[in-house]
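Input: a single structure, listed below in structure tokens.
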């Protein structure tokens, strides 16, 4: 009887229950911190709208954060009767974060303070595909050179985030087969760079970082659910759900470039046949447009210049192919916006028209009626801005609590 009474007093649900309120509270705190850092001075009412948290929860969390010195408030300038609302900002923090973007022909390195403001930046042209060792070494040297220009900063960054054009295994940190950097396959880029700079590094897919960049400072700034499509050397996507990046179980969510659309199509670099990238990518566009006499040695920008009708048709057709896949994804995740970026958008706006036409054709009317396809606001800086945003979120997260934007 005594044993039964003890089991009644301490059921299993009570033994494990206290952890859940803690996690919910920490998530609320991080949602508020992320919203304040992303939006700048913001009122409690605006915080409630942007985070979906109740005003009572906002008031309680803000009170805690102000007491800890992580958030500061100032009254808005009065414009009429009544008490002006308080505007909240992230308190200035010592230290800095690092964002690094590895493209195919460039490396961009930026230092930012812990509010996300860029302090220094260096961009360098390099054939990144040719040698992972040379590219990583150059990134490390660029970082050291930037830090040397700022003697006011600590020697070590608070966090470092690097972006690479390929899927990264969540468990091993290795670049999976199919990356656009052939010499980097099976490499652990974060571990390699960390060994060179002496600080921990987080590696992320560049399309995911571009999505975070648009969420933080671009076309997705006021949007909770959207799909970012990067159209460049390859085709990738970043999925934002409820204001957070969705990676999937293995870190490969958004790899739409390898969705098969032609069963007996051309061989893809991933080893499959008929993938989306075989009919929609920079390389595919170049191969078609170079068939015109005198175009054999021209780059993509020259091939698409001066309003070429042929280029317009090629890009519109590629957009329709991308849009067909995006329509299927949209039916599953129900985004508010499709935000399109990458260098193919810079070179030919017809791509977006094609994507929009296919999305409208292949989604249910009630979905397409409220789904907008728009151009990204950050251009080719999206991945770098996203790397900084993720680095800030990581640096500002309490120990042991994942950053919300991750």
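The values are calculated or read from the model by the stated rules, or taken from the named source; none is laboratory data. Values in this document were obtained by computation on a predicted structure and should not be read as measured data. In this analysis, Cβ positions are derived from the backbone assuming ideal geometry, glycine residues included, and neighbour counts consider all displayed protein chains.
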Checklist line | 2 or more residues at pLDDT below 85 and surrounded by fewer than 19 Cβ atoms within 10 Å (Cβ to Cβ): qualifying strands (runs of 3 or more DSSP E) within segment 56-107 | finding: 71-75, 86-90
Notebook entry, point to check: For segment 142-151, how many residues meet the condition of being in contact with a helix residue (DSSP H, G or I) (Cβ under 9 Å, 6 or more places away or on another chain) and surrounded by fewer than 20 Cβ atoms within 10 Å (Cβ to Cβ)?
Noted result: 1
Notebook entry, point to check: Inside segment 189-209, can you point out the residues that are in a strand (DSSP E or B) and out of contact with any helix residue (DSSP H, G or I) (no Cβ under 8 Å at 6 or more places or on another chain)?
Noted result: 205
Next item on the list: Run down 324, 292 and say which single residue is surrounded by fewer than 21 Cβ atoms within 10 Å (Cβ to Cβ), assigned to a loop (DSSP other than H, G, I, E, B), touching a residue at least 12 places away in the same chain (Cβ under 8 Å) and in the same structural domain as residue 234 (by TED's automatic domain parsing).
Entry: 292
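Listed here are the residues, each with its yes/no results for (1) out of contact with any helix residue (DSSP H, G or I) (no Cβ under 6 Å at 6 or more places or on another chain); (2) at pLDDT 95 or above.
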site	(1), (2)
211	yes, yes
224	yes, no
240	no, yes
243	yes, no
253	yes, no
259	no, no
264	yes, no
272	yes, no
298	yes, no
Next item on the list: Name the one entry in 249, 253 that is assigned to a loop (DSSP other than H, G, I, E, B), closer than 28 Å to residue 385 by Cα and over 15 Å from the mean Cα position of the chain (by Cα).
Entry: 249
Checklist line | Test for residue 132: is it touching a residue at least 24 places away in the same chain (Cβ under 8 Å) and more than 21 Å from the chain's Cα centre (by Cα) | finding: yes
Checklist line | Residues located in segment 147-171, provided they are within 24 Å of residue 238 (Cα to Cα) and in a loop (DSSP other than H, G, I, E, B) | finding: 165, 166, 167, 169, 170, 171
Note to self: Quick check on this structure: which one of 154, 167 is out of contact with any helix residue (DSSP H, G or I) (no Cβ under 8 Å at 6 or more places or on another chain), crowded, with 20+ Cβ neighbours inside 10 Å and in contact (Cβ under 8 Å) with a residue 60 or more places away in the chain?
What the structure shows: 167
Next item on the list: Considering only segment 363-383, state which residues are assigned to a loop (DSSP other than H, G, I, E, B), over 24 Å from the mean Cα position of the chain (by Cα) and closer than 20 Å to residue 353 by Cβ.
Entry: 363, 369
Item checked: Residue check, residue 319 crowded, with 20+ Cβ neighbours inside 10 Å, assigned to a helix (DSSP H, G or I), assigned by TED's automatic domain parsing to the domain that holds residue 225 and in contact with a strand residue (DSSP E or B) (Cβ under 6 Å, 6 or more places away or on another chain) -> no
Next item on the list: Kindly check whether there is at least one residue in segment 172-183 that is assigned to a strand (DSSP E or B) and in contact (Cβ under 8 Å) with a residue 12 or more places away in the chain.
Entry: yes
